[in-house]
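Accompanying notes for the structure given below.
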Amino acid sequence: MVKFNDEQLIEFKRLVSRYPQGKQKSALLPVLHLAQQSFGNWLSAETLDYVAELLEIKPIEVYEVATFYSMYNLKPVGTYMFEVCQTGPCMLRGSDDIIKYIGEKLSIKPGETTTDGLFTLKTVECLGACGYAPMMQMGKHYREHLTKEKVDAIIEDCRKNAAINN
Amino acid sequence: MGVKLLLEKAHVEGIRSYEVYRREGGYRSVEKALKTMSTDAIVEEVKKSGLRGRGGAGFPAGMKWSFIAKPEGVPRHLVCNADESEPGTFKDRYLMENIPHLLIEGLIVSSYALGSHDTYIYIRGEYAWIVDILENAIGEAKANGWLGKNILGTGFDCEIHVQRGAGAYICGEETALIESLEGKRGNPRLKPPFPAIKGLWERPTVVNNVETLASVVPIINLGGEEYAKIGVGRSTGTKLISACGNINKPGVYEIDMTISVEEFIYSDEYCGGIANGKRLKACIPGGSSVPILPANLLLKTAKGETRYMNYESLSDGGFATGSMLGSGGFIVLDEDQCVVKNTYTLARFYRHESCGQCSPCREGTGWMEKLLLRLENGQGKISDIDLLWDIQSKIEGNTICPLGDAAAWPVAAAIRHFRDEFEWHVTHAEEAQKRNFGLAHYADARQLVSA
Ligand SMILES: Cc1cc2nc3c(=O)[nH]c(=O)nc-3n(C[C@H](O)[C@H](O)[C@H](O)COP(=O)(O)O)c2cc1C
Ligand code: SF4
Ligand code: FES
């Protein structure tokens, strides 16, 4: 069963406290971020129901929102998600080549996860880093000015970290 | 070197921290405004400054502020739009990352002027690490008495909260942003009522861009009249431009709006010229939504006059031969780039970001994307180009929010100025798969100017 631990509940309360009484639904987006981060980087139906219960709103109000915004993962994703920007300004600086290179290197297409569950490749639209293209988001941070060599190094780092954590 | 009002101190060592920011003269505008000015006087200074909204539409900020309704007993809110998702635009990020206290300072003065006791910064969800930077700055400001209860003993209470979005360009549109802040899908609202009357939780609300609110700091420090002397005509003050694409020095530059487009692109102080010794083909000067211009119309207007980096000059000639300053997202294409492909990626972007409420936008963006992909892949017909034109013309002006227009304009402008390149993709389908069209007749106007 999904349930926030004490620390997560404190954060939940802090989020809700930022809005007037009775307007706790306003905390929905941040609470979904918190839930995603707390429960394996994706949002299951069970998690969505739990969030609805916590915020005292109807489950449909949560489903509507979870399906609208692109940052919520509605199915499991790899430990490391490479979200590579493919919009105009990045395309002008070679993002297509980077997407292709990552795909070939990991033997996956955009939208897929490697069989070992380590990597997901996703193409995304402009992330506000157009001057530092090509780029991708990896977790909380951006990796910018990507080259094939940089991609190699990032993948190697991820594999090393995964090995340590196992 | 032009005047810098926002980024002057952005590279002072440690400026992200409160101590250094304060030592460099930070928070003076809060002292001046809260201790010596009435709220009406602040609005008046902002009006005098001529400051126009920096989020894209360029609406006069002081006028917007004066529209806010003040019904008895109903709280009002200021909301800072930090959604920054227009392709080509990354200036607000730069400001928030490098000099976060400048935004917080502007927010305190603006909240005071508008009577907002709970002010929200709505930031795009992907800027996750900037949330930490802002919350840290807010914490420092509060610890030093600039936020919280009874600020500077004036009786004014104010809190600033940071709200993260979750990936949706449409939430930059102010009524979609308000919906999102209420915990809903980002579906833009029908106007009227305008947010100034009924906004967040049906309360009077002002939504302004990050850069607009940061600009309130120099306006208060200098006075509106002095601020208005910088720049030219109705383009007062300084503007942040985020430059990207095929240039030598992509990045964020603060300009006073008197420099020419040519200087901005070629001078070493700014973009440093076209990368790899290539020639300039085209440019989208104000974020992906504004019309693309071929080099010859970019550096000079249709009348043959020098084009400048300001609201009036960039839009000189209307959509027939001009463009817009927009959000300041300056996207440069060199001679090797394909206009059809670039337009395709933008059409895909708008299809992806349409909220789906209005059929012209929901369906039209999808059709445009498909047609453009077909043309790009050499499978298009000449009649597809006319169909594209027809679709974009039927979206424009027929939707709830301006995203429909924003999706239509780039397609219209690309066909208007680069129709031969589109046709070449049909008539030379095989060749078009192997190489790009190149510069063709869009002479680099710079080459024609005698030294
Ligand atoms: C589709 C769409 C996206 C927008 N995105 C942004 C944005 O990311 N940031 C922003 O400040 N304004 C954006 N705007 C403009 C806002 O609706 C609003 O005009 C602006 O926040 C007002 O602030 P300003 O007057 O200070 O510019 C967008 C508008 C539309 C139609
Ligand atoms: S124009 Fe597009 S984005 Fe705007 S409300 Fe209509 S469908 Fe939604
Ligand atoms: S286009 Fe890729 S970050 Fe803007």
Counting alpha carbon pairs within less than 8 Å and at least 6 residues apart, what relative contact order, in whole percent, applies to the stretch A:96-152? 25 percent
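Considering only the stretch A:80-165, what is the antiparallel percent among its DSSP beta bridges, to the nearest 5?
Of all bridge pairs located within the stretch A:80-165, approximately 50 percent are antiparallel.
Taking the convex hull of the Cα atoms, report for the protein assembly as shown its projected area averaged over all directions, in nm².
Numbers: hull surface 112.0 nm².
Over all viewing directions, the protein assembly as shown projects a mean Cα-hull area of 28.0 nm².
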Along the Cα-to-C-beta direction of B:GLU182, a point sits 7 Å from the Cα; which residues of the stretch A:2-45 have their amide N less than 16 Å from that point? A:19-29
Report the B-A buried area as the accessible area lost on both sides summed, probe 1.4 Å, in Å² to the nearest 100. 4000 Å²
accessible surface per residue for the stretch B:339-434, probe 1.4 Å, DNA/RNA/ligands not counted, whole Å² -> 41 Å²
In whole percent, how big is the carbon plus sulfur part of the accessible area of the protein assembly as shown, probe 1.4 Å, protein atoms only? 51 percent
If you average the C-alpha positions of the stretch A:35-70 and of the stretch B:1-80 separately, how far apart do those two centres end up, in angstrom? 37 Å
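How high is the relative contact order of chain B, in percent, counting Cα pairs under 8 Å that sit 6 or more residues apart? Walk me through the numbers on the way to the answer.
Numbers: 923 pairs, mean separation 71.2, N = 451.
Contact order relative to length: 16 percent.
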Per DSSP H run of at least 4 residues, take -39500 (n - 2.57); add these up for chain B, divide by its residues and hand me the 222 nm value, nearest 500 deg cm²/dmol. -13000 deg cm²/dmol
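What are the DSSP H helices in chain B that stretch 24 Å or more along their long axis, judged by alpha-carbon atoms, and whose average Kyte-Doolittle hydropathy comes to at least -1.0?
Values: long enough: B:359-376 (25 Å, -0.48); B:403-427 (32 Å, -0.03).
What comes out of the filter, once short or polar helices are dropped, is B:359-376, B:403-427.
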For chain A, calculate the relative contact order in percent as a whole number, restricting contacts to Cα pairs under 8 Å that are 6 or more residues apart. 17 percent
Need the per-residue list for the stretch A:1-49: every residue with at least 10 Å² less accessible surface in the complex of protein chains than in the chain by itself, probe 1.4 Å, sorted by number. A:ARG14, A:ARG18, A:TYR19, A:PRO20, A:LYS23, A:LYS25, A:SER26, A:LEU29, A:PRO30, A:HIS33
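The values are calculated or read from the model by the stated rules, or taken from the named source; none is laboratory data. Predicted model only: the values in this text are computed from it and were never measured. Neighbour counts run over all protein chains shown; Cβ positions are idealised from the backbone, glycine included. These accessible areas exclude ligands, DNA and RNA; they are computed on the full protein's heavy atoms, side chains included. Shrake-Rupley method; radii C 1.70, N 1.55, O 1.52, S 1.80 Å.
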